[in-house]
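These notes are about the structure you will find just below.
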Amino acid sequence: MSDSEVHISLQAFGYGSSRKKIGLILLQSFELQVPIRECHQETLLRRYLLQKMNFIPENSILNHLTLLPLAHFYTLIWSLCVYMYAGIGITAGSHRLWAHRAYKAKLPMRALLASMQSAAFQNDIYDWSRDHRVHHKYSETDADPHNAKRGFFFSHVGWLLVRKHPDVTAKGKLLDTNDLLNDPVVHFQRKYYALSVVVFCFAIPTLVPYIFWNENLWNAYFLAGVLRYCCGLNATWLVNSAAHMWGYRPYDKRINPAENICVSLGSMGEGFHNYHHTFPQDYATSEYGWRINLTTFFIDFMAFLGQAYDRKTIDRDTIRRRRDRTGTHT
Ligand SMILES: [Zn+2]
Ligand SMILES: [Zn+2]
């Protein structure tokens, strides 16, 4: 590799002149003979170097973040769109519609929500909704699948890495889930769940940038597929962990779920968790409408189109009386 080629590669990686010498040594020590001309090769080389240097583990979120400066701007916008698409599948779909029955939706909207829920790849609608009903009914006991009293890590992701506590299975069987099984959309999605995940979570997010603006497949797959998926998972998990630990408790100070604005930002409105555990039947999961609550905006927009209806809310007086009786008054 000539010096001029090295110079080109270092500029492409964003190294300043002060780091040029370090970059040269690295390139030589790995004996790379890759002509650095195209974005695809730059991507591979950058990942290779960072992994060899042990800066970041392979397949970590950090590893995928290194691709951000190399991606087409449209790919970044697309990744954000897929993040919201999949996220709303969880929040408006498996959470507020199917788990809580906080509103009703016509068949086209339910079919759309099922595809969005598959894009999030967080178990199918039936399993997700059943686990969530158990979470509300037996919150912070051994029967709660992600019991926050077992610590941040367990409630965040640990509960998915170990066997369920026997109480979770036992109490889960006592719940009536016939309404879920009787919904043909839930039944269909459960039957073809693996295929729907491949299509909506990975194939479409990867192929759209590749086909429409000539993004290379590595960037498209790792950014709109894997990185976006990892961020979506953590946004949902933070509702179970952070929003069960940190924040205000204006509605019921006797429970751990709290109002956490940061969680609401990432989860599109699911961080008003003290309100939600106090009034789980409210379709907005908050008394403040669209404020930091993209999901409520989406449901209202679908209602405007005639697709969502029977949205359940809590009247102001009931909320005020509950705040006076059990809230923190701060
Ligand atoms: Zn809930
Ligand atoms: Zn909760």
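Between PHE188 and VAL157, what length in nm is gained on full extension when 0.36 nm per residue of separation is reduced by their alpha carbon distance? Before the final figure, lay out each step's value.
Details: separation 31, 0.36 × 31 = 11.16 nm, distance 2.75 nm.
Extending this stretch completely gives an extra 8.4 nm.
For LEU195 and ARG291, compute 0.36 nm times the residue count separating them, minus their Cα-Cα distance, and round to one decimal in nm.
Details: separation 96, 0.36 × 96 = 34.56 nm, distance 3.56 nm.
Full extension from LEU195 to ARG291 adds 31.0 nm.
State the three equivalent ellipsoid semi-axes of the stretch 201-309, derived from the C-alpha gyration tensor as the square roots of 5 times its eigenvalues, in descending order and whole Å.
Numbers: eigenvalues 210, 72, 16 Å².
Computed over the stretch 201-309, the values are 32, 19, 9 Å.
Please list, in chain and number order, the residues 5+ apart from TYR248 or on another chain whose amide H is under 5 Å from its amide H, with Hs placed from the backbone.
GLU259
Along the stretch 249-254, what does the Karplus equation 6.51 cos²θ - 1.76 cosθ + 1.60 (θ = phi - 60°) give for ³J(HN,Hα), rounded to whole Hz, x for Gly and Pro?
10, x, 9, 8, 6, 7
Would you mind giving the average projected area, over all directions, of the Cα convex hull of the stretch 69-165 in nm² with one decimal?
Values: hull surface 32.0 nm².
Over every viewing direction, the Cα hull of the stretch 69-165 projects on average to 8.0 nm².
For a Förster distance of 30 Å, can you work out the FRET efficiency between the beta-carbons of TYR248 and ASP142, rounded to the nearest 0.05? Please report the intermediate quantities before stating the final value.
Values: r = 27 Å, r/R0 = 0.91.
E between TYR248 and ASP142, to the nearest 0.05, is 0.65.
Under a point-charge model restricted to the Cβ atoms of Lys and Arg (+1) and Asp and Glu (-1), what is the dipole moment magnitude of the stretch 95-234 relative to its Cα centre, in debye to the nearest 20? Write down the numbers at each step before the final one.
Working: 17 positive and 11 negative charges, 59 e Å.
It works out to roughly 280 debye.
Give me the extension gain from LEU305 to CYS81: residue separation times 0.36 nm, minus the current Cα-Cα distance, reported in nm with one decimal. The partial results should precede the final answer.
Numbers: separation 224, 0.36 × 224 = 80.64 nm, distance 2.08 nm.
Length gained between LEU305 and CYS81: 78.6 nm.
Taking the beta-carbon count within 10 Å as an exposure proxy, list ILE125, ILE292, ILE88 from fewest neighbours to most.
On the way: ILE125 29, ILE292 17, ILE88 25.
Least crowded to most crowded, the residues run ILE292, ILE88, ILE125.
Taking H as built 1.01 Å from N, whose amide H comes closer than 5 Å to the amide H of TYR288, not counting residues under 5 places away?
The list, which skips near neighbours in sequence, is empty: none.
Please give the peptides 167-173, 98-104, 253-259, 318-324 ranked by average Cβ packing (other Cβ atoms within 10 Å per residue), highest first, as a rough proxy for protection. If you can, show how the numbers build up before the last one.
Values: 167-173: 15.9, 98-104: 21.1, 253-259: 18.3, 318-324: 13.7.
Highest mean packing first, the order is 98-104, 253-259, 167-173, 318-324.
Among 274-281, 133-140, what's the highest-first ranking by average C-beta atoms within 10 angstrom per residue? Intermediate results must be reported in sequence, preceding the final value.
On the way: 274-281: 21.9, 133-140: 18.9.
By packing density, highest mean first, the sequence is 274-281, 133-140.
In whole Å, what is the distance between the alpha-carbon centres of the stretch 246-299 and the stretch 64-114?
The stretch 246-299 and the stretch 64-114 have Cα centres spaced 18 Å from each other.
Applying a 10 Å radius around every beta-carbon, put 151-163, 261-273, 237-249 in order of their mean neighbour count, most first.
Working: 151-163: 15.0, 261-273: 23.4, 237-249: 21.5.
Ranking the peptides 151-163, 261-273, 237-249 by packing returns 261-273, 237-249, 151-163.
Among VAL199, VAL226, what is the fewest-to-most ranking by other Cβ atoms within 10 Å?
Working: VAL199 16, VAL226 19.
Ascending Cβ contact count within 10 Å gives the list VAL199, VAL226.
How much net charge surrounds LYS253 when only the other residues with a Cβ under 13 Å from the Cβ of LYS253 are counted, with Lys and Arg +1 and Asp and Glu -1?
+2
What is the local net charge at ALA308, summed over the other residues whose Cβ is closer than 11 Å to its Cβ (Lys, Arg +1; Asp, Glu -1)?
+3
Please name which of TYR85, PRO108, ILE125 has its Cα lying farthest along the dipole of the stretch 74-153 towards the positive end, using unit charges on Cβ (Lys, Arg +1; Asp, Glu -1) and the Cα centre as origin.
So the residue we want is PRO108.
Students often get this wrong, so check it: of LYS106/LYS171; LYS164/LYS253; LYS106/LYS137; LYS137/LYS164; LYS137/LYS191, which have C-alpha atoms separated by over 25 Å? Please report the intermediate quantities before stating the final value.
Working: LYS106/LYS171 31 Å; LYS164/LYS253 28 Å; LYS106/LYS137 27 Å; LYS137/LYS164 16 Å; LYS137/LYS191 27 Å.
Violating the 25 Å limit, Cα to Cα: LYS106/LYS171; LYS164/LYS253; LYS106/LYS137; LYS137/LYS191.
Bear in mind these aren't lab numbers, they're just calculated from the coordinates by the rules spelled out. A quick note: this is a predicted structure, and the numbers were derived from the prediction, not measured. With ideal geometry, Cβ positions are generated from the backbone for all residues, glycine too; neighbour counts draw on all protein chains shown.
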